[in-house]
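Novice: Supplied in structure tokens, the structure appears directly below.
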4 protein chains.
Amino acid sequence: MAKLQKSIDKRNALIKATIELVNNNGFHATPMSKIAKMANVSPATIYLYFENKQDLVNQTYIEVKAEYTDYAFATYKDTMSVEDGFKLIWHRIADFKLKECENAMFLAQCDNTPMIDEPSRLEGIKHLQPLVELWARGKTEGIIKPISDYILYAYSINPLSFLMIIQKRGDFQLDKTHIEEAYQSAWSSIKVCN
Amino acid sequence: MAKLQKSIDKRNALIKATIELVNNNGFHATPMSKIAKMANVSPATIYLYFENKQDLVNQTYIEVKAEYTDYAFATYKDTMSVEDGFKLIWHRIADFKLKECENAMFLAQCDNTPMIDEPSRLEGIKHLQPLVELWARGKTEGIIKPISDYILYAYSINPLSFLMIIQKRGDFQLDKTHIEEAYQSAWSSIKVCN
Amino acid sequence: MAKLQKSIDKRNALIKATIELVNNNGFHATPMSKIAKMANVSPATIYLYFENKQDLVNQTYIEVKAEYTDYAFATYKDTMSVEDGFKLIWHRIADFKLKECENAMFLAQCDNTPMIDEPSRLEGIKHLQPLVELWARGKTEGIIKPISDYILYAYSINPLSFLMIIQKRGDFQLDKTHIEEAYQSAWSSIKVCN
Amino acid sequence: MAKLQKSIDKRNALIKATIELVNNNGFHATPMSKIAKMANVSPATIYLYFENKQDLVNQTYIEVKAEYTDYAFATYKDTMSVEDGFKLIWHRIADFKLKECENAMFLAQCDNTPMIDEPSRLEGIKHLQPLVELWARGKTEGIIKPISDYILYAYSINPLSFLMIIQKRGDFQLDKTHIEEAYQSAWSSIKVCN
DNA sequence: GATGAATGAGGGTTCATTCAT
DNA sequence: TATGAATGAACCCTCATTCAT
């Protein structure tokens, strides 16, 4: 029990170190030795938990992605109205991206570079299903524009990644009003105009 | 003269090779030797044109960014109406991102990773001035939402980067209709609702 | 008792695994962890039975060498005539080398590389005493050439190692006729010509 | 010219270092760094001349093997009688094995371990053709025993490897008389008895 | 200006061995 | 006795950069 816990702790420490270092330096500029040092283990120990560097990053990605989507949909129920549902999910996502900054940055970097291998990327995508279903419902009800999910995503969800990045970089600080403005823009871009 | 041209050719070949290789492999997985080989030059020759690898990428970034903004604003005139001006600029940007795919991908990768150093990034940003001025005019005229330029950018321009990436990745192919839908979303997200 | 047997079993399993793995990969390409796995033991357990990797291989060598010479001389009696005695021993050796292929290969690899340390090598050699004595008798009786035992060994016994290796490698398959031809060559090379 | 020569010198130094170190320590116990140091180059330089460690050893093997067979057959002419031809080749081989000790040891180690890859081994074998042809002629003329070349080789040529190894190890020193005795044994083992 | 050979520093990974349990 | 987790040292190899030509 104590032993198992220690193992889990080490694995978590490694994942945490990976996120922080990759965020600051990028995948290839992050040596295994530094990850090990930050996680307070020997470099060789990493290989007890992960097959190699690629596997370490893949697993980190999948884990963080799951955390992200779990958070996003935690309080959502498909009995909600389309607008209420979207509002809820959107705000949860915004919350995650702006508060769990490290994790969200990591996901953004993974999604924008050839860092993660294809299987892991696909693994990460399928978690967004509830949002896709909500949109489908919204299209049927004539509330959401009848256009590709990719475009809906690009305009309603993805901008949060950009805002997170510039906030992380220190260029811009989002307060509650900004969030509300952003939500209005997101909703405007996908809702059917009356 | 012929000599100067040969020099320029080499520099261009190096920049082109850098873009292609960094797009496909990322910054750190792109060795100078490969860049040299693809540009048909000796590795040592790179150092006649650039100080080091970081400088090569920085300069490439600045150059491509300039090309991008030049294209974006080439036909824009500040005598246009706000809506016409935005429509024009947006479509030029869309054009560039979806047709000059390699260049746009490179910019996206630079903007989403700690690959470019701060001074070069700032250098790249300032070219967007005309758009910022257009938005300022739009806000005065009550046509554009009175919110931060960062949010305006996040919702009206940045989504194109996302669409470009997934198109490059082969997940989605944008035709003219999609572009029009995207534009409607972009415009909806920043225009003042009547 | 049962406990002692279990210990012996483990030791034997380790020795067997060592032989097989070293045969196929060589000494340095055989990790202790693989030996442990093949013997169904923990890596740490090896160190209960052997001091270190070198000791494991040394002991394996000595053990297999003893098995080899035991087999070679099992039915030999020094009352036999020189020719009968040599014929018997030679065929026993041939038998061992061609049938107990794994063991013989292991010995050959040890004898041809700097894998075994000197003391163990000497330990292994002294078991050939009966053959040396037979030759001494043969020389006295004028049946065996009066030349160095090293040369006698090189021409009458060592060739079997070569034949074993190429058979193991699949280049050549020895049947009964080949064995007889080989024996004739061996005997011709050391007997005094009439 | 001077440059080319320097390249060749380096390559030769690397091959020489490889032979010496592999002889003394075996393939896997010979680090590239030591080879580099002995050849007075940086470890990285090795990779300008060889693809990797395996390639370095393969090429060394092929080169030494060629040297060996070149020497063996240098003065042989197929107009010689079978016995004269064999005597000549045998003595040339003996010469090489006992005087070019380092090279011969290296070949022996390569031939007795899974150190060289299959293609290189085959490359090395084909050089023995003249000896095979001599034996064919000898069989036709009824001078050489009508048995497999593998057995002829095992008894007439291979014993020299054994004698070389024990001489290298310091156990036994061969003088002219020993060589002559060895030759007699070799010839006795393959010639047809009258 | 242009090069290809050369390299030191460092990266990912493996492995013989140890130690707490 | 037996273990599996842990590790430091070392290995092979790569690469940004330099230098003699």
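Novice: So what is the relative contact order for chain D, in percent, with contacts set as C-alpha pairs under 8 Å and at least six apart?
Specialist: 20 percent
Novice: Within a 10 angstrom radius of each residue's Cβ in B:26-34, how many Cβ atoms of other chains show up on average? Whole number is fine.
Specialist: Values: counts 7, 5, 6, 5, 1, 0, 0, 0, 0.
For this peptide, the per-residue mean of nearby foreign Cβ atoms is 3.
Novice: If you filter the stretch A:102-154 for GluC sites (Glu not before Pro), then keep DSSP loop positions with at most 14 other Cβ within 10 Å, what is left? Spell out each step's value before the answer.
Specialist: Numbers: sites: A:E102, A:E123, A:E133, A:E141; in loops: A:E141.
The qualifying sites are A:E141.
Novice: Within 10 Å of each Cβ of B:110-123, how many other protein chain Cβ atoms are there on average?
Specialist: Details: counts 0, 4, 10, 11, 8, 4, 0, 0, 1, 0, 0, 2, 1, 0.
The shielding value for this peptide is 3.
Novice: Which angle between 0 and 90 degrees, to the nearest 10, do you get for helix B:82-99 versus the longest principal axis of chain B when only C-alpha atoms count?
Specialist: Around 30 degrees separate the two axes.
Novice: Something else: Around C:I165, what is the net charge, scoring Lys/Arg as +1 and Asp/Glu as -1 over all other residues with Cβ under 11 Å from its Cβ?
Specialist: Numbers: positive: C:K97, C:K168, C:R169; negative: C:D171, D:D111.
My count for the surroundings of C:I165 gives +1.
Novice: Amide H to amide H under 5 Å from A:I144: which residues, 5+ apart in sequence or cross-chain, H placed 1.01 Å off N in plane?
Specialist: So A:I144 has HN proximity to A:K139, A:V192.
Novice: If you put a point 7 Å past Cα along the Cβ direction, how far is that point for D:H28 from the same point in each other copy, in nm, smallest first?
Specialist: Distances to the matching label points in the other copies: 0.9, 3.1, 3.2 nm.
Novice: Something else: Is there a simple number for the mean count of other chain Cβ atoms within 10 Å of the Cβ of residues in B:144-153, and what is it? Before the final figure, lay out the partial values.
Specialist: On the way: counts 0, 4, 1, 7, 7, 1, 10, 11, 2, 4.
That average works out to 5.
Novice: Kindly identify the stretch D:54-190 as rounded, prolate or oblate by the Cα gyration tensor criterion: order the square roots of the eigenvalues as a ≥ b ≥ c, call it rounded if a/c is under 1.5, otherwise compare a/b with b/c, prolate if a/b is larger, else oblate.
Specialist: Cα axes put the stretch D:54-190 in the oblate bin.
Novice: Here is a follow-up. Report, in whole Å, the centroid distance computed from the Cα atoms of the stretch C:69-136 and the stretch A:41-63.
Specialist: The stretch C:69-136 and the stretch A:41-63 have Cα centres separated by 51 Å.
Novice: Averaging sequence separations of C-alpha pairs under 8 Å and six or more residues apart, then dividing by the length of the stretch B:1-87, give the relative contact order as a whole percent. Please report the intermediate quantities before stating the final value.
Specialist: On the way: 38 pairs, mean separation 19.5, N = 87.
Relative CO of the stretch B:1-87 lands at 22 percent.
Novice: Could you name the lysines in cross-link range of B:K16, using Cα to Cα under 25 Å and dropping any fewer than eight places away on the same chain?
Specialist: In chain and number order, the partners are B:K3, B:K6, B:K34, B:K37, B:K53, B:K65, B:K97, B:K99, B:K126, B:K168.
Novice: Sorted from fewest to most neighbouring beta carbons within 10 Å, what does the list C:L48, B:L134 look like?
Specialist: Values: C:L48 11, B:L134 20.
By the 10 Å Cβ count, ascending: C:L48, B:L134.
Novice: Another one. Based on other C-beta atoms within 10 Å, arrange A:W135, C:W90, A:W187 from fewest to most.
Specialist: On the way: A:W135 23, C:W90 20, A:W187 17.
Fewest-to-most ranking of A:W135, C:W90, A:W187: A:W187, C:W90, A:W135.
Novice: Would you list the P(r) distribution for the protein assembly as shown, with all Cα-Cα distances sorted into 10 Å bins from 0 and each bin expressed as a whole %?
Specialist: Spelled out bin by bin, the protein assembly as shown gives 2, 10, 16, 15, 12, 10, 11, 10, 7, 4, 2, 0, 0 percent.
Novice: How high is the relative contact order of the stretch C:1-50, in percent, with contacts defined as C-alpha pairs under 8 Å that are six or more residues apart? Walk me through the numbers before you get to the answer.
Specialist: On the way: 28 pairs, mean separation 17.2, N = 50.
In percent, rounded to a whole number, it is 34.
Novice: Now for a separate question. Ranked by Cβ crowding within 10 angstrom, fewest neighbours first, how are C:V64, B:V132 ordered?
Specialist: Numbers: C:V64 22, B:V132 14.
Neighbour counts put them in this order, fewest first: B:V132, C:V64.
Values in this text are rule-based calculations from the coordinates and carry no lab data. Please read all numbers here as calculations on a predicted model, not as lab measurements. Glycine also receives a Cβ, built like all others from the backbone with ideal geometry; neighbour counts cover every protein chain displayed.
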